Amino acid sequence: MGLSLRSERRAAAVAFAYAAALLLVFYLFLPSGGYTRIVEGKYACFLLLGGGFAAAAALTFPIGTGRPVSPLLPCAAAYLACSALSALLSPYGAVVILGGPRREGLLTLALCVLSFCLLARALRPDRRLLYAAAAAVTLCDLLALVQTLGFDPFDLYPGALTYLDGDRAYPGFYAGVSGNVDFTAFLLALAACALAAALVRRRLWLLAPPLALTLFTLEQLGVAAAWLGLACAAVWSPALLFPRRRRLCLSLSAALSLAALGFLFFYSGAQPTLAELSRLLHGDTDPAFGSGRLAIWRQLPALVRERPLLGGGPDTLVLRGLIDFTWQRPDGVAVRSVITSAHNEYLNILVNQGALALASYLALLLTALVRCFRRAAEARFAVCGAALLCYGAMALVSVSSCVTAPYVWLLLALIACD
């Protein structure tokens with residue numbers, strides 16, 4: 001019994017060390033070469049940390065604990081199995097292993113799911129993880145805010161470029177420790193939801209300053225997907241945060257959701273993401289407006305019909321002949337950008353790994369969300385549930401990447417573990 005208890009404690013310590021490393025080491029890691037090497041550098045760091053965690057788990061985790069298996073694990077296993085079958089039968093050969101420019105090939109998916117299973121097996125929820133996340137996003141906030149003023153303290157931009165040259169000298173914007181501003185805002189929004197929920201449920205007042213700073217940073221970055229996620233979490237989280245008044249909260253959430261749909265339906269502003277959603281509600285898929293997402297989405301049904309069940313293989317959309325996205329520089333020169341993602345994580349899984357993988361992934365998210373609502377009396381599930389709601393909404397208009405995916409799987413592991 002004593003030996004088993006010591007083994008459990010060692011496993012918990014290894015799992016905690018990996019989770020903390022994701023929040024601090026991986027998140028804050030900035031590779032040599034700055035933003036021109038950010039994805040490759042982060043990918044190498046993730047492989048090193050994830051591989052090290054798997055090796056340490058093989059040496060320290062006890063076998064056969066007799067614990068019940070989390071209902072999330074079969075869904076995750078099915079998702080990985082479908083993705084592996086998609087890779088095996090893909091016409092694109094070895095490309096499926098590492099994937100395209102965002103490095104979400106089979107190796108990344110396998111390491112994410114394996115890490116999830118190991119964390120779900122041994123991780124113990126710990127308040128220190130919240131403080132680690134708060135410290136990490138605070139540092140990212142400070143860097144991003146300095147960059148929005150035109151400064152480059154760590155020489156992350158190539159040449160003499162800065163954040164202010166975004167959508168002028170190069171497509172999009174880059175800021176913070178995640179590179180692409182969409183990735184940066186994605187992770188800041190997830191953290192903001194977790195910090196806000198913990199502040200409400202546990203009265204952890206030390207989280208208030210980093211939360212306020214993160215919300216201010218998101219306002220400065222202006223990424224609509226992040227605010228979409230925050231809005232969804234704000235509308236539907238009350239039932240998690242106040243479980244004794246669940247019915248009333250759910251009724252209010254439903255009413256607010258209908259009001260939000262009405263707002264979107266009649267929206268006439270110029271914000272690209274909101275405009276796209278509004279046009280979709282009207283049944284309009286004209287690609288000649290907004291951020292260009294609709295131009296991508298309109299091309300996807302034909303690709304899905306080609307390989308509906310298993311897709312083209314993990315992270316192979318870049319190879320499937322989509323028409324390149326074109327953006328205009330201020331001098332009128334048209335510049336082509338290669339499309340590497342569906343700009344919707346659910347559609348991305350559908351076209352890359354097929355309907356079977358998407359069904360498994362949706363089952364995983366739904367099972368996790370139901371678990372959070374059923375156990376909302378426990379603060380951990382309220383906090384994780386709020387962040388998961390944020391993710392589910394952001395995924396509708398976001399680009400997945402090896403830079404962001406590990407944190408989604410860490411969140412799911414915190415929901416799965418007991």
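The values are calculated or read from the model by the stated rules, or taken from the named source; none is laboratory data. The model shown is predicted, which means the values in this text are computed figures rather than measured ones. Please note: Cβ atoms are built from the backbone with ideal geometry, for glycine as well, and neighbour counts cover all protein chains shown.
Give the residue that is surrounded by the most Cβ atoms within 10 Å (Cβ to Cβ), with candidates limited to residues of the stretch 152-177 that are outside any loop (DSSP other than H, G, I, E, B) and either in contact with a Pro (Cβ under 7 Å, 6 or more places away or on another chain) or in contact (Cβ under 8 Å) with a residue 12 or more places away in the chain (or both).
Tyr174
Within the bounds of the stretch 189-197, is there any residue that is surrounded by fewer than 24 Cβ atoms within 10 Å (Cβ to Cβ) and in contact with a Gly (Cβ under 8 Å, 6 or more places away or on another chain)?
Checking the stretch 189-197: not a single residue is surrounded by fewer than 24 Cβ atoms within 10 Å (Cβ to Cβ) and in contact with a Gly (Cβ under 8 Å, 6 or more places away or on another chain).
Determine, yes or no, whether Arg305 is part of a helix (DSSP H, G or I) and charged (D, E, K, R).
Here the answer is yes, as Arg305 does meet what is asked.
State which residue is surrounded by the most Cβ atoms within 10 Å (Cβ to Cβ) when the search covers only the stretch 367-377 and only residues that are within 20 Å of the chain's Cα centre (by Cα) and more than 14 Å from Val408 (Cα to Cα).
Looking at residues that are within 20 Å of the chain's Cα centre (by Cα) and more than 14 Å from Val408 (Cα to Cα), I get Cys372.
If you go through the stretch 339-357 one residue at a time, how many are β-branched (Val, Ile, Thr) and either buried (at least 22 other Cβ atoms within 10 Å of the Cβ) or free of Cβ contacts under 8 Å to residues at least 24 places away in the same chain (or both)?
2
Tell me which residues, restricted to the stretch 380-418, are closer than 24 Å to Arg246 by Cα, at pLDDT below 95 and hydrophobic (A, V, I, L, M, F, W, C).
Selection gives Cys417 alone.
Identify, by number, the condition in (1) of a type in the set (A, V, I, L, M); (2) more than 30 Å from Val69 (Cβ to Cβ); (3) modelled with pLDDT of 95 or more that Leu111 doesn't meet.
So Leu111 meets the others, but not (2).
Which residue, of Leu280, Leu274, Leu261, Leu206, is in contact (Cβ under 8 Å) with a residue 24 or more places away in the chain, in contact with a Leu (Cβ under 8 Å, 6 or more places away or on another chain) and either within 30 Å of Gly150 (Cβ to Cβ) or of a type outside the set (Ser, Thr, Tyr) (or both)?
None of the other options fit; the residue is Leu274.
Do we have Leu48 as without any contact (Cβ under 8 Å) to a residue 40 or more places away in the chain and surrounded by 16 or more Cβ atoms within 10 Å (Cβ to Cβ) here?
Answer is no for this residue.
Residue by residue, here is whether (1) over 19 Å from Leu364 (Cβ atoms); (2) assigned to a helix (DSSP H, G or I) holds:
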position: Ser86; (1), (2): no, yes
position: Glu104; (1), (2): no, no
position: Leu114; (1), (2): no, yes
position: Leu118; (1), (2): no, yes
position: Arg128; (1), (2): yes, yes
position: Ala133; (1), (2): yes, yes
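Which one of these does Ala56 not meet: (1) in contact (Cβ under 8 Å) with a residue 40 or more places away in the chain; (2) within 26 Å of Leu156 (Cα to Cα); (3) assigned to a helix (DSSP H, G or I); (4) not polar (S, T, N, Q)?
(2)
If we keep just the residues of the stretch 15-45 that are outside any helix (DSSP H, G or I) and either touching a Ser or Thr at 6+ places or on another chain (Cβ under 6 Å) or touching a residue at least 24 places away in the same chain (Cβ under 8 Å) (or both), which is surrounded by the most Cβ atoms within 10 Å (Cβ to Cβ)?
Looking at the filtered set, the residue picked out is Leu30.
Can you tell me how many residues in the stretch 302-311 are surrounded by fewer than 24 Cβ atoms within 10 Å (Cβ to Cβ) and in contact with a helix residue (DSSP H, G or I) (Cβ under 8 Å, 6 or more places away or on another chain)?
So the answer is 5.
Within the group Ser360, Ser400, which residue is of a type in the set (Ser, Thr, Tyr) and either within 23 Å of Leu218 (Cα to Cα) or crowded, with 24+ Cβ neighbours inside 10 Å (or both)?
None of the other options fit; the residue is Ser400.
Which ones in the stretch 60-84 are modelled with pLDDT of 90 or more and either of a type in the set (Asp, Glu) or in a loop (DSSP other than H, G, I, E, B) (or both)?
Within the stretch 60-84, just Pro71 meets the criteria.
Look at Ile97 and say whether it is free of Cβ contacts under 8 Å to residues at least 40 places away in the same chain, assigned to a helix (DSSP H, G or I) and within 27 Å of Gly313 (Cα to Cα).
Criteria met by Ile97.
Restricting to helices (runs of 4 or more DSSP H) lying wholly in the stretch 196-292: which have 2 or more residues that are at pLDDT 90 or above and of a type in the set (Phe, Trp, Tyr)?
224-236
Of the numbered conditions (1) surrounded by fewer than 23 Cβ atoms within 10 Å (Cβ to Cβ); (2) touching a residue at least 40 places away in the same chain (Cβ under 8 Å), Gly321 satisfies every one except a single condition; which is it?
(2)
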